[in-house]
Amino acid sequence: MRFLRRSLVGLFLIAVTVGLLAYAGYSVSSAIQARLNDSPAQRPARERVFAVNVATLTPQTITPVLTAFGEVRSRRTLELRAEAGGRVVALHPAFEEGGHVAAGDLILRVDPATAQWALDVARTDLAEADADLGDAERTLDLAREELAATEDQARLRELALARQEDLRARGVGTDAAVEDAALAASAAKQAVVARRQSVAQAEAALATARTALERARIRLEEAERDLADTELRAAFSGTLSDVTLVEGGLVTANERVADLIDPDALEVSFRVSTAQYSRLLDDRGQLRPAQVTALLDVFGADLQATGRLTRESGAVAEGQVGRLLYASLDTAPGFRPGDFVTVRLEEPPLDRVARLPATALNAAGQVLVLAEGDRLEAHAVELLRRQGDDVIIRAPGLYGREVVAERSPLLGAGIKVRPLRPAEGAGAIPDEPEMVELTPERRAALIAFVEGNPMMPQEAKARVKAQLEQEKVPARMVERIESRMGG
């Protein structure tokens, strides 16, 4: 009985469990079916509105600025070469790298002993040739006097012959007397010929003496030039560069000892594209003397020089494109030949154009214009120039309307936007440059590096040091100096 009772209880519990499981399955199935059969709630569609920065297209006259990179060079550079070989016995006190010399200063002198000896010998030869010329002139004078006396004697002999012939014709004279007179006249003529030969010889000797005198003078001038060649003088005031000589050293003829550079006659050469070059020409096809500004970046303290566009290269070098232009610099303190500078050149003004941020223009040359209902319209414009982060465009039909200043892939024609005008923007005030305070050790290290930099001009050193000595220093300047220090 006990076993039967327990069996019945077990069957009852199993039946209850199966029933509960069946009920649970039915409830889950009913819930899923009800969920699937329910229709979703329809929410009203709402258009997305984007906030955009807009700018008004205002026609104005803008002078584009062409930016290029070039190299500073000197318009007057002279190679100093020794005219004579020998040992250097004297040098200019400033004969060193970067030394300054004035026009006419003695730069170096080669031992002049040999040249001085040759000059003394040439002077002696000239004096001897002058004496020989005087002797030849006196000899010629005497020969001419002797010729005159001999001619007088010959005339007298002719008169005597004529008298003897007359006496013989009258029967007074004899044939012997006539023959003697004829012989005497013939001897006198022969003496005249001999004296003429002496005169000719004296004239030839005089010409030879004059030639010898001219040769002696030429040798004297050559000796003077050789002596002058032992001295090298500055042709103009300038700075010495590439110095390769010391006092007491030996030089050979035509050896290059240094370069003389005029630091006040500087120019900058830079290359532009052919399209940019075409915009610098006037109506006659000539290069305009446009205003040029050269900038030299020295640890954030920019050096600036102004000048004028002067000329262009005569030919395009092999493998190059565009045009190589040259601009003379008026005053360029701190600039040195070889400096790599940024060149800014003013182009002809453009009338009735507008300036926009470069982000307002897409690759197809279109801008998004704010239309009625704050919706956008796409319009094509003419791109004239790119100026850094800005563009200069011409769009006569859009002047006075507002365009999107910063495009994004989400914006397009027909999109509704919420315009943010400059007066409503929060960033109207430009941020000031970041300033940092330096510790005494860091400040001293920066100043020491600037002072010890041999490539930095003195004007730039003074400007950078003045900024480093301030309580707060621009962070950009500090970063640039430390990047070159290796910090």
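Each value in this text was obtained by applying a stated rule to the coordinates, not by laboratory testing. Bear in mind the structure is a predicted one, so any value in this text is a computation, not a measurement. Because the Cβ atoms are built from the backbone with ideal geometry, glycine has one as well, and the counts that use them run over all protein chains shown.
Available extension along the chain between THR439 and LEU159 is 88.1 nm, counting 0.36 nm per residue and deducting the alpha carbon span. Applying a DSSP loop filter and a limit of 15 other Cβ atoms within 10 Å to the GluC sites (Glu not before Pro) in region 59-133 leaves GLU96, GLU97. With 0.36 nm allotted per residue and the present C-alpha distance subtracted, the VAL65-ALA200 stretch has 40.1 nm of extension available. Other residues lying with their Cβ under 15 Å from the Cβ of ARG385 contribute a combined charge of 0, Lys and Arg counting +1, Asp and Glu -1. Annotation: peptides 237-245, 27-35, ranked by per-residue average of other Cβ atoms within 10 Å with the highest first, follow the order 237-245, 27-35. Each residue of region 94-101 is assigned a 3J(HN,Hα), and the resulting list reads 9, 7, 7, 4, x, x, 9, 10 Hz, derived from the Karplus form 6.51 cos²θ - 1.76 cosθ + 1.60 (θ = phi - 60°), x at Gly and Pro. Against the longest alpha carbon principal axis of the chain, how many degrees, from 0 to 90 and to the nearest 10, is the axis of helix 458-468 turned? The two axes meet at around 30 degrees. Of the residues LEU250, SER273, LEU295, the one whose Cα sits farthest toward the positive end of the charge dipole of region 241-303, with +1 on the Cβ of Lys and Arg and -1 on the Cβ of Asp and Glu, is SER273. Projected over all directions and averaged, the alpha-carbon convex hull of region 10-150 occupies 41.9 nm².
What angle, in degrees between 0 and 90 and rounded to the nearest 10, separates the Cα long axis of helix 2-37 from the longest principal axis of the Cα atoms of the chain? Roughly 50 degrees, rounded to the nearest 10. Between LEU126, ALA200, ALA332, the Cα set farthest toward the positive side of the dipole of the chain (charges on each charged residue's Cβ, about the Cα centre) is that of ALA332. Which part of region 78-93 falls in the paramagnetic zone of THR310, meaning amide N under 15 Å from the point 7 Å along Cα-to-beta-carbon? Answer for this model: 78.
Taking R0 as 35 Å, what's the FRET efficiency between ARG144 and ARG215 from their Cβ-Cβ distance, rounded to 0.05? Once rounded, the FRET efficiency stands at 0.85. The long axis of helix 440-451 is offset from the longest Cα principal axis of the chain by roughly 30 degrees.
With neighbour counts taken as other beta-carbon atoms within 10 Å, the residues ARG352, ARG2 rank, fewest first, as ARG2, ARG352.
Ordered by the count of other Cβ atoms within 10 Å of each Cβ, fewest first, ARG407, ARG196 give ARG196, ARG407. For the chain, a crude dipole built from +1 on the beta carbon of Lys and Arg and -1 on the beta carbon of Asp and Glu, taken about the Cα centre, is about 4800 debye to the nearest 20. From the alpha carbon centroid of region 154-171 to that of region 348-380 is 131 Å.
In the chain, a dipole from Cβ-located charges (positive for Lys and Arg, negative for Asp and Glu) runs towards its positive end, and of LEU370, LEU140, ALA444 it is LEU370 whose Cα lies farthest in that direction. A full extension of the chain between ARG73 and GLN320 corresponds to an added length of 86.9 nm, given 0.36 nm per residue minus the alpha carbon distance. Annotation: lysines with alpha-carbon distance below 23 angstrom to LYS472 (same-chain offsets under eight excluded): LYS461. Placing +1 on the Cβ of every Lys and Arg and -1 on the Cβ of every Asp and Glu, with no other charges, gives region 1-149 a dipole of roughly 4540 debye about its Cα centre. Considering only the Cα atoms of region 322-372, their convex hull presents on average a projected area of 7.7 nm².
Helical runs assigned H by DSSP (4 residues or longer) give the chain a calculated mean residue ellipticity at 222 nm of -13500 deg cm²/dmol, each run adding -39500 (n - 2.57) before division by the residue total. Sorted on the mean count of surrounding Cβ atoms within 10 Å across their residues, most packed first, peptides 100-113, 264-277 read 264-277, 100-113. Pairwise inverse Cα distances across the chain, averaged and inverted, put the Kirkwood hydrodynamic radius at 35.4 Å.
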